[in-house]
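Data block below; observations after.
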Amino acid sequence: MMRKLACGLCPLAFAIVLPLAALAQGMPAAEPESLGLSTKRLERIAPALRRDIAAGLIPGAVMLVARRGKLAYFEAFGMRDKARNVPMPRDAIFRLASMTKPITIAAAMMLVEEGRLSLADPISKYLPQFAHMQVGTEVKDPATGRASLRLVPSEREIRVEDLMRHTSGFTYEALGTGPKVKEMYRDAGIGPQDDSAAAMVEKLARLPLMYQPGTVWEYGRSIDVLGRILELLSGMPLSEFLAKRVFGPLRMPDTGFWVPPKKYNRIADVLPAPREGRRLLLNVSKPPKFESGGGGLVSTAADYARFLQMLLNGGEIDGVRLLSRKSVELITTNQLGPEVNAQGWAYYPGPGYGFGLGFAVRLALGVAPQIGSPGDYFVEGLYGTFAFADPREQLLAVFMIQSQEWRYYRPLVKALVLQSLTH
């Protein structure tokens, strides 16, 4: 643990720092106290996670905390593969699910900066099949209570910014049992991994939107559509574009859409949901046909920390600049005005938060039932991954699990990390 660094410049300290730095893709390690963090208080992380591992809520976890660009805490807990009793390593590879979204958006903003894409563009400029969309409105028969779907023309086109901030009108077929538009998504076969992104986009274009564009925040397939636009603009598969423009420059060697055979022994297993007894398991052992810009990536805690540190640094890390400071400000600032109905998002991002481009963004102190700072931002994924950054404190944390029992970890992780601040 990082508290072992307290021995100063002794050989043991170097023996610990160097392996940690290697695992953290070059992020320098430092004694927590030198970063305004308490070693003793960081030690509260371990028993809290071990309790949940012992209770069977999660098989294992990896936690990374960094401040001022330096690594303060980096530990692994429990099992990578519970069935085979294989311990969790710090460089375990996790399915990111929705933590993919900010990476795709950052890549899109690079094209915005190059003048090849505009947030104000209608997406029909790149995908003409979305030029004349319809919106499905449910109407209930007062006599029978049965709902039917009434289709009306879209009042305006979907814009690129709508994709990035989830105001496009697209939804997710897997979230909830209704309404009718979600059922149509499922009936049309939206989401299977044997479809390409191009094929999924064609299916979506034939379905109605759930809401008028720009009026309601609705989590859905928006970033998958954005990923397809990136493929068309770059002339290459999304995996190749992200590798060339993001993962390579940022030195994120374990991030991609699949895991090569030599790294199979680092894939974290997914624990079935206790109440359902099933696994929502994304097969990452071979290249997928569907490269989902909204949820298909795998990564490590250290790789994702480099991505967050780049944002905290205003768009650059280790002398490599991906984005301008102004683009980072846009990504991490609330983009939902009073015209957007956000009543349906009770849990994500939740009270006290707005939504930027890919991240939930805290609006002010109070309201949110968790500690934090105005302007902090976070993202989480279906398999339990969670990460947040606090620009005011120059602090980031990445928490990796693979379990569908994930919902209470956001406030828990933030509390465990932020309570360790001393100055």
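Given the condition at positive phi and not polar (S, T, N, Q), answer yes or no: does some residue in the range 121-130 qualify?
no
Might you let me know whether the range 181-198 holds any residue that is of a type outside the set (A, V, I, L, M) and either within 21 Å of residue 161 (Cβ to Cβ) or in contact with a strand residue (DSSP E or B) (Cβ under 8 Å, 6 or more places away or on another chain) (or both)?
Checking the range 181-198: not a single residue is of a type outside the set (A, V, I, L, M) and either within 21 Å of residue 161 (Cβ to Cβ) or in contact with a strand residue (DSSP E or B) (Cβ under 8 Å, 6 or more places away or on another chain) (or both).
Given the structure, is residue 162 surrounded by 18 or more Cβ atoms within 10 Å (Cβ to Cβ), among the acidic types (Asp, Glu) and assigned to a helix (DSSP H, G or I)?
So residue 162 passes the test.
Looking for something under 17 Å from residue 386 (Cα atoms), surrounded by 23 or more Cβ atoms within 10 Å (Cβ to Cβ) and modelled with pLDDT under 95 - is there at least one such residue anywhere in the range 95-105?
Scanning the range 95-105, I find at least one residue that is under 17 Å from residue 386 (Cα atoms), surrounded by 23 or more Cβ atoms within 10 Å (Cβ to Cβ) and modelled with pLDDT under 95, so the answer is yes.
Cβ-Cβ under 6 Å, sequence separation 6+ or interchain: first residue in the range 104-121 and of a type outside the set (A, V, I, L, M), partner surrounded by fewer than 16 Cβ atoms within 10 Å (Cβ to Cβ). Which pairs?
So the pair list comes out as 116/233.
Need the failing condition index for residue 370 against (1) modelled with pLDDT of 95 or more; (2) touching a Pro at 6+ places or on another chain (Cβ under 6 Å); (3) within 28 Å of residue 34 (Cα to Cα), just the number.
Result: residue 370 fails condition (1) only.
Out of all the residues in the range 169-198, which are free of Cβ contacts under 8 Å to residues at least 12 places away in the same chain and assigned to a helix (DSSP H, G or I)?
Of everything in the range 169-198, those that are free of Cβ contacts under 8 Å to residues at least 12 places away in the same chain and assigned to a helix (DSSP H, G or I) turn out to be 183, 187.
Which of the residues that make up the range 360-385 are free of Cβ contacts under 8 Å to residues at least 40 places away in the same chain and assigned to a strand (DSSP E or B)?
360, 361, 362, 378
Determine whether the range 136-152 contains at least one residue that is more than 30 Å from residue 103 (Cβ to Cβ), part of a strand (DSSP E or B) and in contact (Cβ under 8 Å) with a residue 60 or more places away in the chain.
Yes, the conditions are met somewhere in the range 136-152.
Could you grab me the full set of residues in the range 142-173 that are of a type in the set (Gly, Ala, Ser) and in contact with a Leu (Cβ under 8 Å, 6 or more places away or on another chain)?
Selection gives 154, 168, 169.
Can you name every one of the helices (runs of 4 or more DSSP H) wholly within the range 1-74 that holds 3 or more residues which are modelled with pLDDT of 75 or more?
So the answer is 39-42, 45-54.
The values are calculated or read from the model by the stated rules, or taken from the named source; none is laboratory data. Computed from a predicted structure; not experimentally measured. All Cβ positions, glycine included, derive from the backbone under ideal geometry; neighbour counts span all protein chains shown.
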